[in-house]
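Notes to accompany the following structure.
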Amino acid sequence: MKLRIKISNGKLRRISIFGIPIFEYGIEHNQKFLKFLLFNKITQKEHEEIFYLKLNKTNGYALTFFQHWVNIIPENSKIFVIVDDKNIQEKVIDKIIFKNRKVYFIKSVRNNKLKRFLKTAKLDRCWHNAACAHLTTFYHSQKNNIRTFWNIDADDTLICLEPQKAYSCLEKVSNYAKEKNIDAFSLDFYYSRGAGKFNHWSFGVTHIINNKKLDYLLSVVHPDWFKMFEGIKPRNFDWYMNYIKATLKECKICAYSINNLLFLHDTAFFSAGWLSFMQFKENCIEYPIFKSFYNCNDIGISYIPLHDDVVKFASDIKENEGKNYLFNKFVNKDPYYRFLYRDMYKRFTVGEYYSMDNIYIKRIDKYTISKNIEKIKEKYPQNICLLTDLEEDIDFCNVISVNEIADIEDRSNTIFILAYNQDYNAISAIKELQKYDLKYLSLEQYGTPQARYYHTNEVAYKTLLEEAQNSPLTHFCPGDFENIFQAIEITRELDGDYVEIGTFQGASARAALNYLKKSNVSRKCYFIDTYEGFTYQEAQNSEDMLWKNTHTDTSMDRVHEYLANYDNFELIKSNITEDELPQKIENICVANIDVDLYDAVKSALYRVKDKIVKNGIIIAEDYGHTPALIGAQKAVGEFLEEYPDEFLPIYLHSGQMFLIKK
């Protein structure tokens, strides 16, 4: 069998018989080589790092994660890929580019001794393959006199850092483990969470010093070991290692963390996204998705303390370095990493609507453009001119600006390709092409996300960007704000005021004021709130219990200061469940109702109903923000049942509902 393994610095062909490597040949660093492998014993050279990369799947993002680990590992290291499935191995060989030829594929050990261990230890059958893969690293390293190595779950773990910097962190961990003689040293992505009274040490990103102490793993197996962890599931090899940790005191098994490291664990990613996406801090583990989604900083939700015996490594990783690397490097430059846009970002932040400045990720990247250009060149012989708002350097075709269209001499023999992230830029380009009766070709859709409103409205985009960059508030919802802008734009020719009921700290109020100013829409704005939170009597007694005594972190003075750059507004302190709207509010073109509580939403709808002008819009902010705001949805439903002929309801993907006055 001939394997064609891709390496970045040459070509590698390896000949195997019955899975046993016989010899290899190829080119590396412009030098031809031929090496016989059959009788060539694998050894660990001095200062040489050994990495065991375990891989048992290629679905989802497994190969993405695997390639990043390969990129992290230094060129002078050896890699042993533990893979049992021939089809998976073939996919790795086809897709993965290694740094050098020191990469070897091995299968999990399945000898009688290991089978007896699995039977005696009574591990859950579904975890047998994982146990075999873990134990293979010990067997193989002992057989080949490998003293230290890394044991990596390479198909479901991701360190979110530039490869070279990621390795520097691992090197620091490795040096510490060798200095302190730590037998098994693993990244803490379960340990501090604990389980009942026990802290769960686990494999994942684990440094191993292989010595005879670890023979205990197989030689002495107490059949009732799991009773130490009563009620704990699953019964897997990781939990067995916790038993070893507790009973074999001379075997040092520890966990570590790296300050500001952003880490993704794919296994939990689909079942519990908040646990899969974590950032280590000096004394805690933060879960950014939950922290952003719930807008809180509560222990057990947005963070957990690091356990006292976790070894905490300082680093020069900046606060947002991991996040920026994910979104700026992976998403825009590597098609395999588009999961970060499609799944994590959209799935766990409700379609981008509850995120911050990450909403501005590019829809179109260099890779997408290059693949389109390749297909276009196959179909059309003409010259290609690319019109794009992508700021990256593009070297595979001629790129021009809109202003340069007039300078193209051979227009009849030129195809103009449109590749814009912002649709309003694309429209401008088309208008310029129309001046010269020129045709254009757009990119195919592929997996490109559909346009949002801010992709079609430049003022909306610039307002969102400015608010995201300058807002000190954590309560910032771009998806909601862009629909407020859309309502303002739709009603720009109508008479009436802009009214917001439920202002809290002023985030949406300032966004609305900013958009009104930038779009030259003249409106008087009224922002109505108790400015004390849900402390009033109706909130205390409401059947909608969730909001009682919440949203108290506000005041009129604080909001007034936050809106100080604008002069076309008035703050009104009012309990909407009791108070009528002020008489000076006669006509309303847009009413943004954002008061969460069932009683307050229903009261607000009735207060504004008769003041909304024809074609004016009530924004029922909370209609689809369920399950938490199901009371608001009930209030809107009852209102529409009572007045079915007065308003046209339009549900928006953000969870808001437009009620347009007929």
For the table Lys78/Lys115; Lys180/Lys252; Lys54/Lys86; Lys54/Lys172; Lys54/Lys91, the rows whose alpha-carbon distance is greater than 18 Å are Lys78/Lys115; Lys54/Lys172
From the phi of every residue in region 590-606, what ³J(HN,Hα) in whole Hz does the Karplus formula 6.51 cos²θ - 1.76 cosθ + 1.60 yield, where θ is phi - 60° and glycine or proline is x?
9, 10, 9, 9, 9, 10, 6, 5, 3, 4, 6, 4, 5, 4, 4, 4, 5
Across region 396-534, qualifying lysine pairs (alpha carbons under 23 Å, at least 8 places apart or different chains) come out at 5
What is the distance in Å between the Cα centres of region 523-588 and region 100-165?
60 Å
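Starting with the highest mean, order 109-118, 631-640 by the number of other Cβ atoms within 10 Å, averaged over the residues of each peptide.
Details: 109-118: 14.0, 631-640: 20.4.
Packing order, densest peptide first, comes out as 631-640, 109-118.
Counting other beta carbons within 10 Å of each Cβ, put Arg14, Arg125, Arg492 in order, fewest first. Display every interim value, and only then the final one.
Numbers: Arg14 22, Arg125 9, Arg492 14.
With the fewest neighbours first, Arg14, Arg125, Arg492 line up as Arg125, Arg492, Arg14.
Loop only per DSSP, at most 12 neighbouring Cβ atoms within 10 Å: give me the chymotrypsin sites (Phe, Trp or Tyr not before Pro) in region 394-453, ordered by residue number. All intermediate terms of the calculation are to be shown ahead of the outcome.
Numbers: sites: Phe396, Phe416, Tyr420, Tyr424, Tyr436, Tyr440, Tyr446, Tyr453; in loops: Phe396, Tyr420, Tyr436, Tyr446.
Here the sparse-neighbourhood loop sites are Tyr436, Tyr446.
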Sort Met228, Met241 so that the residue with the fewest other Cβ atoms within 10 Å of its own Cβ comes first and the one with the most comes last.
Met228, Met241
Region 366-442 - Kirkwood radius from inverse mean 1/r over Cα pairs (Å):
12.6 Å
Averaging sequence separations of C-alpha pairs under 8 Å and six or more residues apart, then dividing by the length of region 100-216, give the relative contact order as a whole percent.
27 percent
Sequence-distant residues sharing a close amide H with Ile588 (under 5 Å, placed H):
Asp497, Ile612, Val613
Please tell me the relative contact order of region 455-661 in percent, rounded to the nearest whole number, where contacts are Cα pairs under 8 Å and at least six residues apart.
20 percent
The set of residues whose placed amide H lies less than 5 Å from the amide H of Ile258, leaving out same-chain residues fewer than 5 positions away, is Phe313
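With viscosity set to 0.692 mPa s at 37 °C, what whole-number translational diffusion coefficient in µm²/s follows for region 494-535 from Stokes-Einstein and a Kirkwood radius over Cα pairs? Could you put the intermediate results ahead of the total?
Numbers: Rh = 11.2 Å.
Calculated translational D: 294 µm²/s.
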Quick one: Karplus J couplings for region 107-123, per residue in order, coefficients 6.51, -1.76, 1.60, θ = phi - 60°, nearest Hz, x for Gly and Pro?
9, 5, 6, 9, 7, 5, 4, 5, 4, 5, 4, 4, 5, 5, 6, 6, 5
Under Karplus coefficients 6.51, -1.76 and 1.60, residue-wise ³J(HN,Hα) of region 480-488 in Hz, glycine/proline x
5, 5, 5, 6, 4, 4, 4, 5, 4
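For Ile82, Ile15, Ile96, what ranking results if the residue with the fewest other Cβ atoms within 10 Å of its Cβ goes first? List each step's numbers first, then the result.
Details: Ile82 24, Ile15 16, Ile96 20.
So the ranking, lowest neighbour count to highest, is Ile15, Ile96, Ile82.
The numbers here are math on the coordinates, done by the rules we state, and not lab data. Fair warning: this is a prediction, and the values are worked out from it, not measured in the lab. Here Cβ is always computed from backbone atoms with ideal geometry, including for glycine, and neighbour counts include all displayed protein chains.
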